[in-house]
Amino acid sequence: MRTRTHLIGATATALGLAAAGAGVAAQQRRRIARRSPGERPAFGSLRADPVTVVAEDGTPLHVEVDEADSAVTLVFCHGYSLNLDCWHFQREHYRGRIRSVYYDQRSHGRSGRSPIGHATIDQLGQDLVRILEEVVPDGPVVLVGHSMGGMTIVALAQQHPELFGDRIVGTSLISTTAGGLDPSRILFPMMPTWAGSGAMHRGVATLARGHRAVDGLRRLGRNVALVATDQLAFGDHVPASYVEFVDSMLAATPFEVVAEFFPGFGQLDKFDHVGVLANVPTTIICGTEDKLTSIGHSRKLHGRIDGSTLLECHGAGHMVILERYDEVDGELDKLLAAAGVGA
């Protein structure tokens, strides 16, 4: 009964805050919609025949491979509450030039739901090993990870350091960290966006038990969610289509999944394991206005990985792979050249 009372109280509070902010959010949403439309990319339109890779615990992982006649394979690991479509501009850039692998992390996108207790960064590292075994059984590999995807690569470095310099010939860590993260900074744009960070820390577990109700609140508060996505995922004023695209990925991720992964971000402590990435060319990319994994995390990674390069995209936010895709793509081209496997 006490748990139920807490859940009702948390839900009621969220509803009240949502109602209070809805009018302001609606006005801000209209301002976003009035921005210069700019380009309207066909987000989510780049597809390949799906491959299912079964993780060691039985979770089916959705994988797509863009085939190309290249010596190297690029493997892209996406972030928290996103899916493989977030790599739209990179996929467009390398399609037909470099063999590229895109997959949905467990419990995200088209992949299957993770068993309870397996939604962890370490498990994601193990999933990446399975992806490599099944769809990249031989030949050099360059890994690219954004946000939680970068943490996935760091977990792999801890678990299998022998791969770096052998199978893996290059890495890119984008808008990410290896520890020291305040989880509320990541959770905030995922909803309920009207709660403060302190409330998030206290209430995530309780809200997860009523995740269906929370998902309903997320739908009711879509104006608030869109505005939060704009403010927290981007640094500059990007076209409304970019904001809507990211917001749609966040909204499609059930709150139960958000809550399952949440504790792992606060527990992440792997800076002592990133040194192995010095065995291969490594590029680190981050926007200077990243409000989720701030630029300080990337600078610390750069300082811990000998020989790495750091690209700071001035004014860009967390979704730098969309916001400054031309700079990101150019830096990945340089990484491929440094690894001796350029297109």
Exercise for the section: Would you work out if the range 55-107 is rounded, prolate or oblate? Take a ≥ b ≥ c from the square roots of the eigenvalues of the alpha-carbon gyration tensor; rounded if a/c is under 1.5, else prolate when a/b is larger than b/c, oblate otherwise. Expected result: oblate
Fill in the blank from the handout: The FRET efficiency for HIS314 and THR52, from their Cβ-Cβ distance with R0 = 35 Å and rounded to 0.05, is 0.30
Fill in the blank from the handout: Loop-resident GluC sites (Glu not before Pro) in the range 47-98 with no more than 16 other Cβ atoms inside 10 Å, DSSP not H/G/I/E/B, are GLU56, GLU67
Handout entry: Cα centroid separation, the range 275-324 to the range 243-273 (Å)
Key = 19
Fill in the blank from the handout: With label points set 7 Å from each Cα along the Cα-to-Cβ direction at ARG299 and GLU92, the distance between them in nm comes to 3.3
Practice task
Provide the gained length on full extension for the span HIS237 to GLU134, in nm with one decimal, where the gain is 0.36 nm per separating residue minus the Cα-Cα distance.
Solution key: 33.0 nm
Fill in the blank from the handout: FRET efficiency for GLN267 and GLU162 from the Cβ-Cβ distance with R0 = 30 Å, rounded to 0.05, comes out at 0.75
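Any read-out appearing in this document is the output of simple, stated calculations on the displayed coordinates, not a laboratory observation. Treat the numbers as computed from the prediction; the structure is a model and nothing was measured. All Cβ positions, glycine included, derive from the backbone under ideal geometry; neighbour counts span all protein chains shown.
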